[in-house]
Amino acid sequence: MIIKKIELQNFRSYYRDNTFDLTDRLNLIIGSNGDGKTTFYEAIYWLFRTDGTNKMDTKLISKKRSEELMPSESDDVRVAMSYEHKGKLKTLEKSFRFTKSFDGEIGTSNYTFSLVETNGIERIVKDGVLFDKDLSPEMRKFIMFKGETDLDVLQNTNAMKLLIDSFSDVRDFDAYFDFMQYALDLAEKARDNAQKLDRKNADKIKQLKRTIEQEKGLLSDIDREIKDKENEAVNFEGLLKNIEKSQEASKLLIAVNRRIENFQNKRIEAISRIKEEYTKYLLDDMWILMGFGDVADEYATKINFLMHERRRQENQYLVTAGVEKAIKAAERGFTSLPAHIPGQKIMEDMLKQEKCFFCGQDAKKGSDAWSFMHDRLEEYKASLEGNANEGIDPYYSNNYIDEIQKRDTILNDNLADITKIRRVIKESINFNNRLHDDVKKIEANLEIEFERKKRILAQTDGLTEEQLLANYENISNWMDKKNRAENRIDMLKRQREQHRANLEEAQLALSKTSEGTAAAMYARTALIIQQIANAFSNAKEENKKRLLSAIEDKSNEFMEKLNTNDFKGTIRIIEKQNGQGEAFLMNNDSVRIFNPNTALKTTYLMSVLFAIGKLSSERDNTVLPLIFDAPTSSFTDAKENEFFNVISKLEKQVIIVTKSFLRDGNNGEVILDSNRVNKINGCVYQIEKKRPFDDKKLGTIQTVISRIK
Amino acid sequence: MCIMAENTFNDIEDLVKKDEKLIDIWGRRNPRFEKHYEQSVLRVISDYGVGASGNMGAKGKILGAGYEPYIMAFFIGLYSDKKIPLSEESDEVKGLGQPLQYWGNLDSKKNRKAYPNLRSYIFIALVAKTEIDWIALDKGDIEPATVVTALVKTMEEYANYGFSVMEEKLKEDKGYFFSNRAFLDMFLQLTDKTAKDIEQEDSPESID
């Protein structure tokens, strides 16, 4: 099919009549934003619709034309395409009438859709839906592409089958298949009938038939399981493919989460070590005694004074009492005893332990020191006895000073610890401050990790954290399952070979058992038909493989041309287990490239399309044009030049609407890059908005077209 | 039965034993404070008045039993060496309700330690700071109870000053004592002289 001409009349911005005469090679329609590029593409799309939808949409009417109509005046919206197909000239035309009523409303009528065939001077008008015969709706997916995302046609569920059916002889095999199955049934029946008469081999035949049935049953089970496993493998591969993109993010996220957990634990640990319930320690650890040193001094002074005073007064009393013995004893005993020696009990303890509690020195029994203490104690006792014996009343009836004096001794011992309290507090505060600093540092690190996490999550195409983490876990799981399914398929296929051999052997044996009998001929016939059916089956597979490998080879040739000075990889085309096809890029180390950049993706998918087109033209039955709307938006200028260069050399009709070749001028106007356009080998149209126009009023917009080359 | 169980009475003979320590007599006393501090201080920072429930944490109180703020108040007065006599109006003062001999015993609060030894130090401080004719006491010229009353009075007056300081702080900032450092810093400041001593100790000795 070669498109000769496209006519647009009152179709949106295409006011009144507009005609594009096209060549059978590259046709460029260049326009800036809003100039009518996509409208052109959509006009063809509208024309091609044969399903009867979207017939007379008022949105399709040129606003400018409808606004200028007088009441009761009419005009037509019309899109027509003249093309040559299999030697015939045809025109596909779709139109409807629009009329302005007296109240200014626009009404539509007179929808027509026709296919006009011109044969010399004869014109045959047919229903437009017959266009499907020249270009089936399925095939349109292979010729019209909007933007760069549309290009991945092979992902379409039935595209692969369509491709194989259209471009290989596979479809032709189906009729043979049916016939062979029919023939085989007949032949086997004839053989069975003949063998029934063969009484001699009845048992053997019976057993062989059982074997054949069994093997067939097994083979069908194996086939079913292979199919299941193949589906499983495809399924997991698809899942893995989707995940592949996020795998890196998943890994990063896990690492970040691990660090966050680590820091959080450290933080908790550091905080748990902070002990700063100081109010509690003031009481529980008696830190409140931090200033008790002065009080203790005061206490000691008071006690010292009291002890002296107490003895002094007692002595005086005894002297005053005039008891000689008592005086002597008092003079010897009391006055020479140190004021702070508490009394008889402690003296006795010191003698017993052979130690002076006050100077800390040993006083072994019998030593001068021990004897001194012993004598003193004896004198003291004697003096007391003397007092008692003399019948003098004791001066003191209570011994409270003794009680408070004992506290002084112990307090003295504890004083060292009390003065240490301040140091302990200081150390504790320093320690806690260090921990607070540590916590602050940890928190700063945590903040950094949280920021990282946010960044990762912000850049993962809307996947949530849970999904990313689940993906990571799933990868190994799915990989495992996919590998297991594939291993199982391998094993099943080996088993299948074995069972096929068994089956063939049994079938051969069955045919041989009849040798020399009347059934021999029938058996041989059945066997031969069986073998022919097998041969067809193999041929179909072979044919399919050849087609795919041919598309693959051609695609890589185009790829080579489209990416002369750039990385390109190798295109692989496979038929997936479920019958869908897939085209993808591979690195030289046979590793699949999952995320090629957009330009690379566009070129490899286009290469596939060109390859399909090339093969179809070689087969000389369905030469189809390719129509692209803005396919190169991701390309650099250099790449674009290469791209158009390659396309112009294709022996193929390509229609491209694009805003390439335009650049911004100094005053904001858009300028056509004539140098680049001149290098293009093909027909070039420029479309523009007619000036002046009101950018607020659609009714002032009109696309004007001019042929440049 | 309307006969009271025998052991609900104190053993009088035991209490008046001749060799009873002065601190034991002191220990049975219930120091008093000015009633208005109950609302403005005690209930704000301790469980005073909420009964024997052990949920200081749940109420966010810093201190447990009512004697704890009392101890704080006392030491504030002691270290400041400032006393304020209690109001002479008997209906303006009240006893704390827990005799001194129980102060600092292990209480039911979580994460707390007992500190019964602190009582001895309070007693020592009172002896140091109270003018008492100890000779007369030993001679039997004055009663131990009189001496103990004087000691308790000193304690009450120190605490009374302490409470006034605490009340002042709380007036400025209701949450003042919720800071871990509030009491600690207050005591560090009051006993600053010692702090300077420590710093001097810490500094290296002069070579000269």
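Every number in this text was worked out from the coordinates using simple rules, so none of it is lab data. Please read all numbers here as calculations on a predicted model, not as lab measurements. Cβ sites come from the backbone with ideal geometry, for glycine too, and all protein chains shown count toward neighbours.
Under the rule of -39500 (n - 2.57) per DSSP H run of 4 or more residues, summed and divided by the residues of the protein assembly as shown, what mean residue ellipticity at 222 nm is obtained, to the nearest 500 deg cm²/dmol?
Numbers: 27 runs with 497 residues, N = 917.
So the calculated ellipticity at 222 nm is -18500 deg cm²/dmol.
For chain A, what is the relative contact order in percent, using Cα pairs closer than 8 Å and at least 6 residues apart in sequence?
26 percent
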Anchor A:Lys493: lysines whose Cα lies under 22 Å away (excluding residues fewer than 8 positions away in-chain): A:Lys216, A:Lys227, A:Lys229, A:Lys481, A:Lys482, A:Lys540, A:Lys544, A:Lys545, A:Lys576
In whole Hz, with x marking every Gly and Pro, tabulate ³J(HN,Hα) for the stretch B:140-153 from phi via Karplus 6.51 cos²θ - 1.76 cosθ + 1.60, θ = phi - 60°. x, 6, 10, 7, x, 4, 5, 4, 4, 4, 5, 4, 5, 4
Working note, chain A: Cα radius of gyration (Å, one decimal) and Dmax (Å, whole number) are 54.2, 174
Packing-ranked peptide list from A:290-299, A:700-709, highest mean Cβ count within 10 angstrom first, is A:290-299, A:700-709
In the stretch A:602-709, GluC sites (Glu not before Pro) in a DSSP loop with at most 16 other beta-carbon atoms within 10 Å: A:Glu651, A:Glu669
When we measure straight from the Cα of A:Lys189, which aspartates and glutamates land under 14 angstrom away, once same-chain ones fewer than 8 places off are left out? none
Acute angle (nearest 10 degrees) that the helix A:292-321 long axis makes with the longest principal axis of chain A, alpha-carbon atoms: 20 degrees
What is the mean number of Cβ atoms from other protein chains located within 10 Å of the Cβ atom of each residue in peptide A:289-302, rounded to a whole number? 6
What is the angle, in °, between the Cα long axis of helix A:37-48 and the longest principal axis of the Cα atoms in chain A? Nearest 10 is fine, range 0 to 90. 60 degrees
Anything over 28 Å Cα to Cα? Flag those among A:Lys126/A:Lys709; A:Lys86/A:Lys554; A:Lys90/A:Lys614; B:Lys82/B:Lys169; A:Lys86/A:Lys126; A:Lys266/B:Lys169, in the order listed. A:Lys126/A:Lys709; A:Lys266/B:Lys169
Going by amide H atoms built from the backbone, whose H comes under 5 Å of the H on A:Ile61, apart from near neighbours? A:Arg12
Applied in sequence order to the stretch A:224-230, the curve 6.51 cos²θ - 1.76 cosθ + 1.60 (Karplus, θ = phi - 60°) yields integer Hz couplings, x standing for Gly and Pro, of 4, 5, 4, 4, 4, 5, 5
Under 5 Å between amide H atoms, partner at least 5 residues away or on a different chain: which partners does A:Lys709 have, H built in plane at 1.01 Å? A:Val684
On a full-extension model of 0.36 nm per residue, what is the gain between A:Thr53 and A:Glu84, subtracting their alpha-carbon distance, rounded to one decimal in nm? 8.6 nm
State which entries of A:Lys352/A:Lys381; A:Lys355/A:Lys420; A:Lys440/B:Lys171; B:Lys21/B:Lys129 exceed 24 angstrom in Cα-Cα distance in the structure shown. A:Lys355/A:Lys420; A:Lys440/B:Lys171
Assigning unit charges at the beta carbon (Lys, Arg +1; Asp, Glu -1) and nothing else, what dipole magnitude in debye, to the nearest 20, does the protein assembly as shown show about its Cα centre? 5560 debye
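To the nearest whole number, what is the average tally of beta carbon atoms from other chains within 10 Å of the beta carbons of peptide B:136-144?
Averaged over the peptide's residues, the number is 4.
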Once both labels are modelled 7 Å past Cα along the beta-carbon direction, what's the A:Arg259-A:Asp673 spacing in nm? 4.3 nm
Could you pull the Rg and Dmax for the stretch A:1-47, using just the Cα atoms, both in Å? 10.8, 30
Highest mean first, how do A:208-220, B:71-83 rank when packing is the count of other Cβ atoms within 10 Å averaged over residues? B:71-83, A:208-220
Cross-link reach from A:Lys206 to aspartates and glutamates, straight Cα distance under 20 Å and at least 8 residues apart if same chain, gives A:Asp185, A:Glu188, A:Asp192, A:Asp198, A:Glu215, A:Glu504, A:Glu505, A:Glu515
Sequence order, the stretch A:486-491: Karplus ³J(HN,Hα) from phi using 6.51 cos²θ - 1.76 cosθ + 1.60, θ = phi - 60°, Hz rounded, Gly and Pro as x, gives 5, 4, 5, 4, 4, 5
Take each of the peptides B:88-98, A:397-407, B:146-156, average the number of other beta-carbon atoms within 10 Å over its residues, and list them starting from the highest. B:146-156, A:397-407, B:88-98
Between the Cα axis of helix A:520-562 and the main Cα principal axis of chain A, the angle (0 to 90°, nearest 10) is 70 degrees
